[in-house]
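Engineer: Below is a structure I'd like to ask you about.
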Amino acid sequence: MRLAEKYAPKNVSELIGKKEAVSAIKTWLSGWKKGSALILTGPSGVGKTATAHTLAVDRGLELLEIGPEDSIENILPAVKQRGLMMRRRMVVVDNTNSFSPANLIQIIRNSAFPVLLVSDDPWVPKLRTVRPFCEIVNFRKIPAFEMEGTLAEIAIKENIRPKAPIRAFAELSGGDIRAAMIDLDSGLASRDRSSSVFETLKAIFQGPLSVARTAIENCDKDPAALMWWIEENIPVEFTDARERAAAFDLLSRFNVTKHRARNSAIMFAGFSDLRSKPYSRYVSYKQPRPQQAADTEFCAKLAATNHCSTRKMRAELSFMKSFVQAG
């Protein structure tokens with residue numbers, strides 16, 4: 001198990017450098033009124049989603065995570081109902097900037113429970129009509145001196161003897177504790193952590209699981225964006241119709257379960273195992289088309305007509321698309 005996964009905070013007391021943010025969220029939760037939401041904003045890797053998870057655990061709430069691929073038809077009933085054993089919920093909307101403003105407002109107005117919106121940038125024009133419903137809590141980068149102690153404790157527990165001082169891992173992480181743990185796992189504090197999406201695709205489609213995991217953890221795209229890239233390039237990567245269909249089927253399963261997985265690095269494993277023959281050619285990967293936003297709307301309309309979720313409809317269309325392209 002990787003360090004970033006093994007030492008993910010289990011409760012609020014294990015969070016690092018989040019005292020002010022946690023206090024602000026607790027105050028907001030105590031005074032929450034229906035029709036209002038809270039935006040958690042800050043750089044990637046500073047613990048916005050992890051903080052929401054731990055607060056839900058500490059308060060005995062069931063966490064309801066919502067992503068851009070979930071249809072509004074399925075979201076609205078879920079935010080009105082209690083969870084298992086009639087537990088109250090906390091609603092967390094991930095990748096908020098990928099939602100339409102109208103859908104976000106519907107979620108906020110209809111939810112019977114507090115709604116937390118996770119956003120790297122809440123000031124984009126797209127969220128202009130959403131902000132009046134929200135308060136904002138800023139997450140700062142974790143200072144190196146706060147991170148250093150935690151990394152040192154982990155190194156002792158795991159019997160890790162890195163080549164560089166622990167302080168170097170903290171300083172080179174850019175305030176990202178998850179990235180620091182990944183670096184500590186490898187024992188290298190001086191490597192370039194940023195991996196391009198093209199390198200990541202190559203690792204996912206062609207490399208073993210260990211290589212794919214490292215590339216995904218270091219990728220400059222989040223899991224939702226990476227899924228778009230994978231979908232666009234499956235037809236490029238897999239020329240055999242059966243392998244292509246199997247790849248789309250695998251992607252559709254990841255799409256269904258991705259919000260249940262805390263570690264996104266294990267979600268996209270298995271593509272390289274779909275080949276019947278050894279890999280032997282160069283592939284030039286393509287950027288996802290802008291049309292995909294329109295595709296999402298189209299899938300939502302078809303889903304409503306066929307009484308299924310948007311993600312299920314997208315998976316079915318992707319599956320059929322592979323056979324059409326195969327001729």
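The values are calculated or read from the model by the stated rules, or taken from the named source; none is laboratory data. These numbers come from a predicted model, not from an experiment. Backbone-built Cβ (ideal geometry, glycine too); neighbour counts: all protein chains shown.
Engineer: For Arg88, only one of the following conditions fails: (1) farther than 23 Å from Gly174 by Cα; (2) touching a helix residue (DSSP H, G or I) at 6+ places or on another chain (Cβ under 8 Å). What is its number?
Structural biologist: (2)
Engineer: Between Pro68, Pro122, Pro114, Pro101, which is modelled with pLDDT of 95 or more and touching a helix residue (DSSP H, G or I) at 6+ places or on another chain (Cβ under 7 Å)?
Structural biologist: Answer to the check: Pro114.
For every residue, the table says whether it meets (1) modelled with pLDDT of 95 or more; (2) surrounded by fewer than 20 Cβ atoms within 10 Å (Cβ to Cβ); (3) under 19 Å from the mean Cα position of the chain (by Cα); (4) in a helix (DSSP H, G or I).
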| residue | (1), (2), (3), (4) |
| --- | --- |
| Glu5 | no, yes, yes, yes |
| Ile16 | no, yes, no, no |
| Thr27 | yes, yes, no, yes |
| Gly45 | no, no, yes, no |
| Leu64 | no, no, yes, no |
| Glu73 | no, yes, no, yes |
| Met85 | no, yes, no, yes |
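Engineer: Right, something else. Determine whether the range 21-35 contains at least one residue that is farther than 19 Å from Phe113 by Cβ and free of Cβ contacts under 8 Å to residues at least 24 places away in the same chain.
Structural biologist: yes
Engineer: Is it true that some residue in the range 102-115 is surrounded by fewer than 15 Cβ atoms within 10 Å (Cβ to Cβ) and under 15 Å from Glu73 (Cα atoms)?
Structural biologist: Yes - at least one qualifying residue is present in the range 102-115.
Engineer: In the set Glu153, Glu135, Glu146, which member is part of a helix (DSSP H, G or I), at pLDDT 90 or above and over 20 Å from the mean Cα position of the chain (by Cα)?
Structural biologist: Glu153
Engineer: Quick check on my filter: what residues within the range 193-210 are assigned to a loop (DSSP other than H, G, I, E, B) and modelled with pLDDT of 70 or more?
Structural biologist: Gly207, Pro208
Engineer: Can you tell me which residue in the range 169-192 is modelled with the lowest pLDDT, limited to those that are part of a loop (DSSP other than H, G, I, E, B) and surrounded by 20 or more Cβ atoms within 10 Å (Cβ to Cβ)?
Structural biologist: Ala189
Engineer: Another question, if that's okay. Go through the range 211-239 and count every residue that is among the acidic types (Asp, Glu) and at pLDDT 85 or above.
Structural biologist: The qualifying residues number 3.
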